[in-house]
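Contents: one structure, followed by commentary.
The values are calculated or read from the model by the stated rules, or taken from the named source; none is laboratory data. This is a predicted model, so every value here is computed, not measured. Cβ coordinates were reconstructed from backbone atoms using ideal geometry, including for glycine residues, and neighbour counts include every protein chain displayed. In case anyone asks, the SASA skips ligands and DNA or RNA and just uses the protein heavy atoms, side chains included. Shrake-Rupley method; radii C 1.70, N 1.55, O 1.52, S 1.80 Å.
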Amino acid sequence: GLMIWLRYTLRVPSRMSPQASGLVLAPADGRIIEITKLDDMAVGPPGGHRITIATGLAEAQLQRSPVAGRIADNFLIPGLFRAADNLALARRDNERREISIETEDGSRLMLVQIGTATARQLVCRFAPGKYLEAGAPLGMARVGGISDLIVPTGYEVVPTAGMSVLAGETIIARR
């Protein structure tokens, strides 16, 4: 039973990624649990948004690049593995991996993989300088992690909190 579940959740599902310019795709499968405007926040650019996606234990764990661009930074920040029921504490104390991607027009988006009580491996093996197409496999938070996507000003957020998304397929912001 366990091997079947692992094979199912760690699969690489086939996805059809929209290729139009100016689109930001969901980086992870799951449900959007929070959309925050970053006007008064210490993280991210003023006027941008933080879109938080919770990936369930039964969903595909593979994360995909939300945009076409080059990896600018890829940092692992050690920390704890607390439950994600308090997002503010999880963001502050839990282990996280911050992956910045710079698009050809100079916009910089950041994907933050946040460790939880179940997601204890935050994986992205690409070094700065690597070019990825929108929807290309990027990494994973094994198993059932939280993903924050920081989108800069100038992008309109499309979905609403509570919406289910598919990595590399669902459009979550556009220019």
Checked pairs for segment 10-39, first free of Cβ contacts under 8 Å to residues at least 12 places away in the same chain, second not small (G, A, S) and not in a strand (DSSP E or B), C-beta under 6 Å and 6 or more apart or across chains, list as D39/P46
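Determine whether segment 115-135 contains at least one residue that is outside any strand (DSSP E or B) and of a type in the set (F, W, Y).
Here is the first cut: in segment 115-135, the residues outside any strand (DSSP E or B) are 115-120, 124-130, 133-135.
Next, from what is left, pick out any that are of a type in the set (F, W, Y): 126.
Yes; the residues of segment 115-135 include at least one that is outside any strand (DSSP E or B) and of a type in the set (F, W, Y).
Among the residues of segment 47-70, write down those that are part of a loop (DSSP other than H, G, I, E, B) and either touching a helix residue (DSSP H, G or I) at 6+ places or on another chain (Cβ under 8 Å) or surrounded by fewer than 21 Cβ atoms within 10 Å (Cβ to Cβ) (or both).
So in segment 47-70, the residues part of a loop (DSSP other than H, G, I, E, B) come out as 47-48, 55-61, 65-68.
Across segment 47-70, the qualifying residues are G47, G56, L57, A58, E59, A60, Q61, A68.
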Conditions (1) polar (S, T, N, Q); (2) over 17 Å from S17 (Cα atoms); (3) surrounded by 14 or more Cβ atoms within 10 Å (Cβ to Cβ): number failed by T170
(2)
Flag if E104 is among the charged types (D, E, K, R), open to solvent by 30 Å² or more (accessible area, probe 1.4 Å), out of contact with any Ser or Thr (no Cβ under 6 Å at 6 or more places or on another chain) and modelled with pLDDT under 95
yes
Give all pairs with beta carbons closer than 7 Å in which a residue from segment 111-135 that is crowded, with 22+ Cβ neighbours inside 10 Å meets a residue that is among the aromatic types (F, W, Y); count only pairs at least 6 apart in sequence or on separate chains.
G115/F81; T116/F81
Between residues in segment 69-85 that are among the charged types (D, E, K, R) and modelled with pLDDT of 90 or more and residues that are part of a strand (DSSP E or B) and surrounded by fewer than 16 Cβ atoms within 10 Å (Cβ to Cβ), which pairs lie under 9 Å by C-beta distance while being six or more apart or on different chains?
R70/Y131
Answer yes if at least one residue in segment 148-164 is within 19 Å of S65 (Cβ to Cβ), β-branched (V, I, T) and open to solvent by 50 Å² or more (accessible area, probe 1.4 Å), and no otherwise.
yes
Mind listing whichever residues of segment 7-53 are at positive phi and modelled with pLDDT under 70?
G44
Taking segment 88-101, which residues are within 18 Å of L38 (Cβ to Cβ) and surrounded by fewer than 18 Cβ atoms within 10 Å (Cβ to Cβ)?
A88, R92
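Looking at D105, D73, which is the one that is assigned to a strand (DSSP E or B) and under 24 Å from S21 (Cα atoms)?
Values: D105 fails: assigned to a strand (DSSP E or B).
It is D73.
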